[in-house]
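The values are calculated or read from the model by the stated rules, or taken from the named source; none is laboratory data. Owing to the predicted nature of the structure, the values given are computational and were not obtained by experimental measurement. Here the Cβ is made from the backbone with ideal geometry for all residues, glycine too, and neighbour counts use every protein chain on show. Side chains are part of the model used for accessible areas, which takes the heavy atoms of the whole protein and leaves out ligands, DNA and RNA. Shrake-Rupley method; radii C 1.70, N 1.55, O 1.52, S 1.80 Å.
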Amino acid sequence: MQHHILILNGPNLNLLGTRQPEVYGPTTLQDIENLCAAKADDLGVTMTFAQSNHEGALIDMLHAARGVQHGVILNAGAYTHTSVALMDAISSIMLPVIELHLSNIHAREAFRQHSYIAPVAIGQICGFGAAGYPLAMEALVTYLGTGD
Ligand code: DQA
């Protein structure tokens, strides 16, 4: 069975490359999408890659993933630290979700060290910059197994 993966990016991640490159690196979101597309080919999965600056739009995309996708990789950006609504959406869709961050949120400001996503995610990858995306894809595919 071929797995379908949703890679969802939250607010301000559209500005990657120019946004605080000392924290998030020089890679653009388009570069990351290209990296993920190549990794999807390697892993034999299909992926949908999306970004929104709007909490409700992210929730709508999570709901729409039900019955369509097999798992989700979510970089919720700052909503990680604020959004009970995103946490509830993840609890409601019955899909495995991996929490992802470019930066090591545990080594940053105290308010970034709390995540509403972590308790409802199967795991978290953070601190590896853009390389975290293919790592998360590998982890998700391993979690999903062959499906046979
Ligand atoms: C981030 C970390 C968040 O704290 C921050 O608000 C972001 C990006 C990351 O990928 O490191 O927007 O999710």
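Amide H contacts under 5 Å for L100: L74, N75, A76, I125, restricted to partners 5 or more places along the chain or on a different chain, H placed in the peptide plane at 1.01 Å from N. Full extension of the chain segment joining N104 with Q2 gains 33.6 nm, where the gain is 0.36 nm per residue of separation less the Cα-Cα distance. Accessible surface for the chain, divided over its residues, is 47 Å² per residue with a 1.4 Å probe. Maximal additional length on extending the L15-A78 stretch stands at 21.3 nm, based on 0.36 nm per residue less the C-alpha distance.
Could you work out what % of the accessible surface of the chain is carbon and sulfur, using a 1.4 angstrom probe and leaving DNA, RNA and ligands out of the count?
For the chain, the apolar C and S fraction of the accessible surface comes to 55 percent.
If R0 is 30 Å, the Cβ-Cβ spacing of S92 and E22 corresponds to a FRET efficiency of close to 0.20. Residues within the reach of a label modelled at I122 (point 7 angstrom out along Cα to beta-carbon, backbone nitrogen below 17 Å), restricted to region 84-113, are 90-101. Computed from the Cβ-Cβ distance with R0 of 22 Å, the FRET efficiency linking H114 to T142 stands at 0.20.
Rounded to the nearest 20 debye, the dipole magnitude of region 4-144 is 160 debye, with +1 charges on Lys and Arg beta carbons, -1 on Asp and Glu beta carbons, and the Cα centre as origin.
Considering helices alone, the calculated mean residue ellipticity of the chain at 222 nm is -10500 deg cm²/dmol, with DSSP H runs of length four and up weighted by -39500 (n - 2.57) and normalised per residue.
Placing R0 at 22 angstrom, the Cβ-Cβ distance between A131 and A50 gives a FRET efficiency of 0.60 after rounding to 0.05. Shape analysis of the chain places it in the oblate category; the axes a ≥ b ≥ c from the Cα gyration tensor give an a/c of at least 1.5, with a/b not above b/c.
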